[in-house]
Amino acid sequence: MKRHYCSINTLNKERGKRMFCKNCGKENSDGSQVCKFCGQNLTSSVTENSVKPVVNTKKSKKPKILIISVIVILALLVGGGLFFMFRTTTPNIEQLKSDFISEVLKDEKYSISKFDVINETDGKNDNYNAIIDVTYDYDNVEYHRQYELFYKKYKEWVFADSSDYNEDTWEVKPTTAPSASDYTENCKSQLLKTIKYDKFEPVDSKTTVDLEAKTATFVYSVESKTDIRKISGEINFYYEFNDEKGEWVYKKFSYADSYNKKYDLMKTWTGSSKPYLSEKDTDEEVTFKFETTKCEGKSDKGEGSIQGVLTYNDEKHDLTGTISDTSNNSVTLVLYDKDEKIKFVMYIKSDGSTLADVDLNYNPNELIYFADQKTKYNDIEMSLN
């Protein structure tokens, strides 16, 4: 049998060109203008011979990006973990501040305006020290101080102790001017308890305060009246701020120019007593009466001369003497008879109460009085008639 052979090229020619739709990819017969499957225009379609498989030579970047992202996330997690571990190896500032209030100040009424850690240890060997610089306020006083805080680590950091630090830098200063009305009772207590003031009121317009110099002056208007004396005017009270106590402390007082004492000694007093050092069962009580007849000089100021009549056992003796206002706000009258045989001394206290001493056998050259003389009467309580 005779065989016939044909070339591959000839075969391809016989098959003709096949058309493939660009839209759906299906084969259409040669010469077709429109895809019989999807209706796509085939004029721009490619033939089988012209179609070459498209091979994506570019490698996808997605795996590489994913790997890089994972590495970055892991680095951040590890770095953050290390940072957190480093930060928690020592007490944080909130713990330091809380422990300072509860363990050092021991009072939550303090208001902290500044809290800085100026030096600290690394917390090795479960020990930690911190030096803090702190400013806090309490009761209108500002304190600036430094302390060293000590911690010991068990499961957690626990406050152990504290100590004062760099005390030369400590400062204390008042932040608000004090009010005179807050110191009224304290000012009263500085004066003689025997003076009872009917009026003791602060004069706020005359209060002066220097916060930098830490000084204050309070002025009070006062009035006091007894049967023999009237007081009116103003008294100045001087205070200084004490750094150690953290408060205003009284220093002294002075009478203002307006302060005035006026006495009325034109009075009559009576009193009775037994002789000084006498036997109570054998000596009779003697009644004394003194009546002022004349005052001269500044008797209304507690100075000058005085005349009066002393009566005892129905005997009357004219006496003359002096008036003196002593430093304890009492008035002393010292009188003698014309022969200086009788000495009469009367002490008029600031509250109006009066005591008298009488010597009916006065001898200025005699220093010792014997009990058997029975002529001396001491501490006689005199009352106004």
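Couple of notes before you dig in:
- Residue count for segment 340-354, restricted to those that are part of a strand (DSSP E or B) and in contact (Cβ under 8 Å) with a residue 24 or more places away in the chain: 4
- Taken over segment 93-137, the residue count meeting the criterion of being aliphatic (A, V, I, L, M) and without any contact (Cβ under 8 Å) to a residue 12 or more places away in the chain is 1.
- Count of segment 182-202 residues which are surrounded by fewer than 16 Cβ atoms within 10 Å (Cβ to Cβ) and within 26 Å of residue 136 (Cα to Cα): 1
- Single residue of segment 107-154 satisfying the filter (acidic (Asp, Glu) and part of a loop (DSSP other than H, G, I, E, B)) that is modelled with the highest pLDDT: 122
- Qualifying residue in segment 282-289 (condition: surrounded by 19 or more Cβ atoms within 10 Å (Cβ to Cβ) and closer than 21 Å to residue 350 by Cβ): no
- Scanning segment 337-350 for residues that are surrounded by fewer than 19 Cβ atoms within 10 Å (Cβ to Cβ) and in contact with a strand residue (DSSP E or B) (Cβ under 6 Å, 6 or more places away or on another chain) yields 337, 345, 347.
- Flag if residue 126 is surrounded by fewer than 15 Cβ atoms within 10 Å (Cβ to Cβ) and not assigned by TED's automatic domain parsing to the domain that holds residue 240: yes
- Within segment 244-261, the set of residues being aliphatic (A, V, I, L, M) and part of a strand (DSSP E or B) comprises just one member, 249.
- Verdict on residue 169 being surrounded by 11 or more Cβ atoms within 10 Å (Cβ to Cβ) and among the hydroxyl-bearing types (Ser, Thr, Tyr): no
- Condition check for residue 240: within 25 Å of the chain's Cα centre (by Cα) and modelled with pLDDT under 95: no
- Selection over segment 301-336 of residues that are within 30 Å of residue 255 (Cα to Cα) and either charged (D, E, K, R) or surrounded by fewer than 18 Cβ atoms within 10 Å (Cβ to Cβ) (or both) gives a count of 12.
- Annotation note: of 232, 205, the sole residue that is surrounded by 12 or more Cβ atoms within 10 Å (Cβ to Cβ) and of a type in the set (S, T, N, Q) is 232.
- Residue in segment 172-187 that is touching a Leu at 6+ places or on another chain (Cβ under 6 Å) and part of a strand (DSSP E or B) present: yes
- Filter pass, residue 17 being at pLDDT below 75, surrounded by 13 or more Cβ atoms within 10 Å (Cβ to Cβ) and farther than 30 Å from residue 150 by Cα: yes
The values are calculated or read from the model by the stated rules, or taken from the named source; none is laboratory data. These figures come from a predicted structure and were not determined experimentally. Every residue, glycine as well, gets a Cβ built from its backbone with ideal geometry; the counts of neighbours run over all protein chains shown.
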